[in-house]
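For reference, the structure discussed in these notes is given below.
The values are calculated or read from the model by the stated rules, or taken from the named source; none is laboratory data. Note that the coordinates shown come from a computational prediction; the quantities given were computed from them, not determined experimentally. Note that we place each Cβ from the backbone using ideal geometry, even for glycine, and neighbour counts take in every protein chain shown. We work out accessible area using only protein heavy atoms, side chains counted, and drop any ligands, DNA or RNA first. Shrake-Rupley method; radii C 1.70, N 1.55, O 1.52, S 1.80 Å.
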Amino acid sequence: MAPARPLLALPLRHGDELLGLLLLGAKATGAGFNAEDRGLLATLADHIGVAIKNAHLHRESVAKTLLEEELNFARSVPQR
């Protein structure tokens, strides 16, 4: 079976930063993507971009918190 070719590609962005692409194949109905479909999918892509950026920021925050906890523990250990 040949791989499906995307019929619509939408950028996943946060501000000016390109985070990825949303690639869509044919609709189940076989019809093309109309202006309403493209508008809805563009809005969805915008929200996905925000969610991806939020996930990255959360991961960075957790890593920073863990590092701060490790440093605080290291400072509390008596020196010889």
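Below is a table of values for the structure above.
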quantity: Pair ASN34, ASN72: separation of 7 Å Cα→Cβ label points (nm); calculated: 5.7
quantity: Sites LYS27 and LYS64, calculated FRET efficiency, Cβ-Cβ separation with R0 41 Å, nearest 0.05; calculated: 0.40
quantity: Mean ellipticity per residue at 222 nm, deg cm²/dmol - from DSSP H runs of n ≥ 4 across the chain, formula -39500 (n - 2.57); calculated: -19500 deg cm²/dmol
quantity: Accessible surface of the chain, 1.4 Å probe, proportion on carbon and sulfur as whole %; calculated: 60
quantity: For the chain: accessible area per residue (Å², 1.4 Å); calculated: 84
quantity: Angle between the chain longest axis and helix 35-76 axis [Cα atoms, degrees, rounded to 10]; calculated: 10
